[in-house]
Amino acid sequence: MTIREANALDKIPILKFCKNTFSWGDYIDQIWNFWISEGHLFLFEKLSPVGICHAFYSGNQTWIEGIRIDPNFRRQKIASHLVMHAESIGKEKNTLFSYMLIDTQNSSSILMANSLNYDVFQTWNFYALSPKKILNSNIHFEKTLNCKLYPHYVKSWRWLPIDDDVLSILHDQNKIIKSSIVGEDSIAILTDSEHFERTLIVTLFSGSEKNTLEIIHFLQNYGIEKNYQRIQILTKEKLPILDSLEYKISFHLMKKYLT
């Protein structure tokens, strides 16, 4: 058995066991070429490919995603070996933490992560919002953020660290918005999906419900104006019930110290 970097020729055998990962299928076929070009797509091989895992290294952290194991080879700790391999590369790059995102209902993956000393760091909720022309909202663009209060933002479904360089880029692009009508501020960070066209990904830090509703209304207008098909909201809070807002799923953000 071998762990190696995947290449373009591995796509067909990998996709054969990634067709029915979820009830709706899988997204690996749509993201494969991006991961190949980005590198660090690790493949576990037993004569033929039986598992994959992608890693992304940013600042002081390792991000692990896309763990897929052939159903005929599960319960053989293949996922654990792939994760540990990704961590070993992270240690070589002097990353201090490793993160992964797991569906709160996926008990087997949570147990696997726990066995490797990952703990639940935070729990996040995923909502889909429909673009819609609506009354103007009361928000303004924010210039800066307290990185201790907002240490991460979501970019293409990766929770990435916020630092001064990231803040400068987000500010220059008017990607940080805030509503301060009443109660605690609600803040959102906007990013375009790197993998799926016309998809807006929003990291939402909800303060008061009134402020959050203002941000939601802004996002609906923004979606229409910028011609987005989909708006995906990731937040730690529960959002108000709206016709255009659909709760999808919850995830545990798992964290491990690599030192």
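Run residue 76 past the list (1) touching a residue at least 24 places away in the same chain (Cβ under 8 Å); (2) surrounded by 14 or more Cβ atoms within 10 Å (Cβ to Cβ); (3) at negative phi and report the number of the one that doesn't hold.
Condition (1) is where residue 76 drops out.
Which residues, counting only those in segment 203-248, are part of a helix (DSSP H, G or I), of a type in the set (Phe, Trp, Tyr) and under 21 Å from the mean Cα position of the chain (by Cα)? If you could, list the steps in order and put the result at the bottom.
So in segment 203-248, the residues part of a helix (DSSP H, G or I) come out as 209-225.
Checking which are of a type in the set (Phe, Trp, Tyr) leaves us with 218, 222.
Within segment 203-248, none qualify.
Filtering segment 1-27 down to residues that are within 15 Å of residue 46 (Cβ to Cβ) and β-branched (Val, Ile, Thr), which residue is nearest to the chain's Cα centre (by Cα)? Steps first, please.
Of the residues in segment 1-27, the ones within 15 Å of residue 46 (Cβ to Cβ) are 1-4, 6, 10, 13-14, 16-17.
Filter again for β-branched (Val, Ile, Thr), leaving 2-3, 14.
Values: 2: 28, 3: 24, 14: 22 Å.
Selected residue: 14.
When only residues in segment 106-119 that are exposed (fewer than 15 other Cβ atoms within 10 Å of the Cβ), at pLDDT 95 or above and not small (Gly, Ala, Ser) count, which is nearest to residue 84 (Cα to Cα)?
If we take residues in segment 106-119 being exposed (fewer than 15 other Cβ atoms within 10 Å of the Cβ), at pLDDT 95 or above and not small (Gly, Ala, Ser), then 117 is nearest to residue 84 (Cα to Cα).
Where residues in segment 121-139 are aliphatic (A, V, I, L, M) and touching a helix residue (DSSP H, G or I) at 6+ places or on another chain (Cβ under 8 Å), which of them is surrounded by the fewest Cβ atoms within 10 Å (Cβ to Cβ)? It would help to see each step written out before you state the result.
As a first pass, look at segment 121-139 and keep what is aliphatic (A, V, I, L, M): 128-129, 134-135, 139.
Pick out the ones that are also touching a helix residue (DSSP H, G or I) at 6+ places or on another chain (Cβ under 8 Å) and you get 129, 134-135, 139.
Details: 129: 22, 134: 14, 135: 8, 139: 21.
Restricting to residues being aliphatic (A, V, I, L, M) and touching a helix residue (DSSP H, G or I) at 6+ places or on another chain (Cβ under 8 Å), the top hit is 135.
Please enumerate the residues belonging to segment 107-130 that are part of a strand (DSSP E or B) and of a type in the set (S, T, N, Q).
Step one: filter segment 107-130 for residues part of a strand (DSSP E or B), giving 119-129.
122, 123, 125, listed by residue number.
Among residues belonging to segment 217-240 that are β-branched (Val, Ile, Thr) and more than 16 Å from residue 176 (Cβ to Cβ), point out the one that is surrounded by the most Cβ atoms within 10 Å (Cβ to Cβ).
First, the residues of segment 217-240 that are β-branched (Val, Ile, Thr): 224, 231, 233, 235.
Next, from what is left, pick out any that are more than 16 Å from residue 176 (Cβ to Cβ): 224, 231.
Details: 224: 14, 231: 23.
Filtering segment 217-240 for residues that are β-branched (Val, Ile, Thr) and more than 16 Å from residue 176 (Cβ to Cβ), the one surrounded by the most Cβ atoms within 10 Å (Cβ to Cβ) comes out as 231.
Inspect segment 54-67 for any residue being of a type in the set (D, E, K, R), in contact (Cβ under 8 Å) with a residue 12 or more places away in the chain and either assigned to a helix (DSSP H, G or I) or surrounded by fewer than 13 Cβ atoms within 10 Å (Cβ to Cβ) (or both) and give the result as yes or no.
No, every residue in segment 54-67 fails to be of a type in the set (D, E, K, R), in contact (Cβ under 8 Å) with a residue 12 or more places away in the chain and either assigned to a helix (DSSP H, G or I) or surrounded by fewer than 13 Cβ atoms within 10 Å (Cβ to Cβ) (or both).
Is it fair to say residue 133 is assigned to a loop (DSSP other than H, G, I, E, B), among the basic types (Lys, Arg), in contact with a strand residue (DSSP E or B) (Cβ under 9 Å, 6 or more places away or on another chain) and assigned by TED's automatic domain parsing to the domain that holds residue 217?
Numbers: assigned to a loop (DSSP other than H, G, I, E, B): yes; among the basic types (Lys, Arg): yes; in contact with a strand residue (DSSP E or B) (Cβ under 9 Å, 6 or more places away or on another chain): no; assigned by TED's automatic domain parsing to the domain that holds residue 217: yes.
Taking the combined requirement at face value, the residue does not satisfy it.
Taking residue 99 and the conditions (1) farther than 23 Å from residue 122 by Cα; (2) touching a Lys or Arg at 6+ places or on another chain (Cβ under 7 Å), which numbered condition does it fall short on, given that it satisfies the others?
Of everything listed in (1) farther than 23 Å from residue 122 by Cα; (2) touching a Lys or Arg at 6+ places or on another chain (Cβ under 7 Å), residue 99 misses just condition (1).
Spot the failing condition for residue 199; the list is (1) closer than 15 Å to residue 184 by Cβ; (2) in contact with a Phe, Trp or Tyr (Cβ under 8 Å, 6 or more places away or on another chain); (3) polar (S, T, N, Q), and only one is missed.
Against the list (1) closer than 15 Å to residue 184 by Cβ; (2) in contact with a Phe, Trp or Tyr (Cβ under 8 Å, 6 or more places away or on another chain); (3) polar (S, T, N, Q), residue 199 comes up short only on (1).
Tell me, which residue of segment 140-182 that is crowded, with 17+ Cβ neighbours inside 10 Å and either among the acidic types (Asp, Glu) or more than 21 Å from the chain's Cα centre (by Cα) (or both) is nearest to residue 212 (Cα to Cα)?
Filtering segment 140-182 for residues that are crowded, with 17+ Cβ neighbours inside 10 Å and either among the acidic types (Asp, Glu) or more than 21 Å from the chain's Cα centre (by Cα) (or both), the one nearest to residue 212 (Cα to Cα) comes out as 179.
The values are calculated or read from the model by the stated rules, or taken from the named source; none is laboratory data. It should be emphasised that the depicted structure is a prediction, and the values quoted were computed from it without experimental measurement. Don't worry about glycine lacking a Cβ; one is built from the backbone with ideal geometry, like all the others, and counts go over all protein chains shown.
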